[in-house]
Amino acid sequence: MMRPMKLAGQELLFGEGTLAHLADIKSKKMVIVLGDDIVYKNGVMDIVEKHLKTAGTPYKVYMGIEPDPKFSTVLKGAKFMLEEKPDFILAIGGGSTMDAAKAMWIYYEHPEIKDLETIADKSKFPKLRGKARFGAVPTTAGTASEVSRSIVITDDVTGHKHGIGNMEMMPDVAICDPVTTLSKPRRLTIETGFDALSHALEAYVSNRANYLSDILARAAIKEIFETLPKVINDLKNMELREKMLNASLVAGLSFTNVSLGIVHSISHSLGGVLHLPHGTCNAILLPYIAEFNSQAPYAKERYDELAKMIGKKDMVSALKEFNKVLEFPSSLKELVKEEDLMKHLDEIVDLSLADGCTKTNPVCPTKDDLRALILKAFHGGK
């Protein structure tokens, strides 16, 4: 049975110049959440502040969010919001910043909740918007947290990543202005591009995929294969940056409604245990997971459709070739020592199997399957 879909919140804007919409947001007091001071250095905050001053919107800035944000960071931000009492929260940054800000929003609205376990339970997830609305401005073309119902928060004690999803967390306002991405370096542009590609590919073969999610996923896949190799050699090209940000956006609209698969299950676990970069893990895993999933006729047919769309023989070889063209890692051994992986392999396998994305993978993996896939990705398929 199909699940109800939600395509973004109340307001979705994309394209050059859309940051101007900030002047139209009605707020008596806004809290802006930033990961670090990069948006001051690259001039993005100058644009943001200009529009807020035009509207006469008072605001306070909360800054200081680490990659893979910890629960303690979330509670600190929520404490700041409880003191400032905003009626609008605006997250400006990459996926970690937007995820942390969403989580801060929850604990600001409901300070009686003291743990992660409560919001991880769908039956106990609280209603939001009693105190504030939420907006997001992405500064990378990859995570699509600006149109996602999901967050990933790290447990301070175990280091494990907790993926939590609920439509309550869909931002009310999403503004995707490519000017925010112009300063991103080549490596980060590729890494986030692969994250967007993995979102679209996994949504397309998800066992919840539907007519509308397919249209969105295909559009993203085609755009990323065409644009990512171009933009990394022309990083200041606004048109190419806009295409990548739009591709990330529509990939997000697709996956947040039909979920993902074991590329993300394993990446979440590798990131939580070994602190490996999420997008890079996705890039490495994609061809091996596509090969594994192709044992299911449904998935094989869909991968073949995509390969034909981008003018390639098959999707597995197309993904491997894409890594080479972008000069990106093709094996986990380029990221981690074998002894470190083997020391934690059982834990990574268990976490991957329990991850929420696993249940929507087109093939239900066993522990042995996951172990074999991780080792294959480590050795580069050898």
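The values are calculated or read from the model by the stated rules, or taken from the named source; none is laboratory data. Just so we're clear, the structure is a prediction, and the values are computed from it rather than from any experiment. Here the Cβ is made from the backbone with ideal geometry for all residues, glycine too, and neighbour counts use every protein chain on show.
From the list GLU321, GLU301, GLU327, GLU291, which residue is over 16 Å from THR358 (Cβ atoms), among the acidic types (Asp, Glu) and touching a residue at least 12 places away in the same chain (Cβ under 8 Å)?
Of GLU321, GLU301, GLU327, GLU291, the one residue that is over 16 Å from THR358 (Cβ atoms), among the acidic types (Asp, Glu) and touching a residue at least 12 places away in the same chain (Cβ under 8 Å) is GLU291.
Looking only at the range 290-307, how many residues end up being of a type in the set (S, T, N, Q) and more than 17 Å from LYS376 (Cα to Cα)?
Within the range 290-307, residues that are of a type in the set (S, T, N, Q) and more than 17 Å from LYS376 (Cα to Cα) number 0.
If you scan the range 68-113, which residues turn out to be within 25 Å of LEU245 (Cα to Cα), part of a helix (DSSP H, G or I) and charged (D, E, K, R)?
Residues satisfying the conditions are ASP99, LYS102.
Return the residues of the range 82-100 that are under 18 Å from VAL137 (Cβ atoms) and touching a helix residue (DSSP H, G or I) at 6+ places or on another chain (Cβ under 7 Å); say none if nothing qualifies.
ILE89, ALA91, ILE92, GLY95, MET98, ASP99, ALA100
Just need a number here: residues in the range 364-382 that are closer than 15 Å to PRO287 by Cα and either among the small types (Gly, Ala, Ser) or not in a helix (DSSP H, G or I) (or both).
Total meeting the criteria: 6.
Conditions tested, residue by residue: (1) part of a helix (DSSP H, G or I); (2) among the aromatic types (Phe, Trp, Tyr); (3) touching a Phe, Trp or Tyr at 6+ places or on another chain (Cβ under 6 Å).
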{"position": "ASP156", "(1), (2), (3)": "no, no, yes"}
{"position": "PRO171", "(1), (2), (3)": "no, no, yes"}
{"position": "ARG187", "(1), (2), (3)": "yes, no, no"}
{"position": "ILE190", "(1), (2), (3)": "yes, no, yes"}
{"position": "SER198", "(1), (2), (3)": "yes, no, no"}
{"position": "LEU201", "(1), (2), (3)": "yes, no, no"}
{"position": "ASN207", "(1), (2), (3)": "no, no, no"}
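Among LYS343, LYS320, LYS312, LYS308, which is the only one that is assigned to a helix (DSSP H, G or I), among the basic types (Lys, Arg) and over 25 Å from LEU276 (Cβ atoms)?
Among LYS343, LYS320, LYS312, LYS308, only LYS308 is assigned to a helix (DSSP H, G or I), among the basic types (Lys, Arg) and over 25 Å from LEU276 (Cβ atoms).
This table checks each residue for (1) assigned to a strand (DSSP E or B); (2) in contact with a Cys (Cβ under 6 Å, 6 or more places away or on another chain); (3) surrounded by 14 or more Cβ atoms within 10 Å (Cβ to Cβ).
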| position | (1), (2), (3) |
| --- | --- |
| MET2 | no, no, no |
| LEU13 | yes, no, yes |
| LEU19 | no, no, yes |
| LEU22 | no, no, yes |
| LYS28 | no, no, no |
| VAL39 | no, no, yes |
| GLU49 | no, no, yes |
| THR57 | no, no, yes |
| VAL61 | yes, no, yes |
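Within the range 193-209, identify whether any single residue is outside the structural domain of ILE348 (by TED's automatic domain parsing) and polar (S, T, N, Q), and answer yes or no.
no
If you go through the range 346-363 one residue at a time, how many are surrounded by fewer than 18 Cβ atoms within 10 Å (Cβ to Cβ) and not in a loop (DSSP other than H, G, I, E, B)?
Residues that pass the stated criteria total 5.
Regarding LEU216, is this residue surrounded by 20 or more Cβ atoms within 10 Å (Cβ to Cβ), without any contact (Cβ under 8 Å) to a residue 60 or more places away in the chain and under 30 Å from ALA354 (Cα atoms)?
So LEU216 passes the test.
Would you pick out the residues in the range 101-126 that are of a type outside the set (A, V, I, L, M, F, W, C) and within 24 Å of GLY142 (Cα to Cα)?
Selection gives LYS102 alone.
Of everything in the range 323-335 that's assigned to a helix (DSSP H, G or I) and out of contact with any Ser or Thr (no Cβ under 6 Å at 6 or more places or on another chain), which residue is surrounded by the fewest Cβ atoms within 10 Å (Cβ to Cβ)?
Filtering the range 323-335 for residues that are assigned to a helix (DSSP H, G or I) and out of contact with any Ser or Thr (no Cβ under 6 Å at 6 or more places or on another chain), the one surrounded by the fewest Cβ atoms within 10 Å (Cβ to Cβ) comes out as LYS324.
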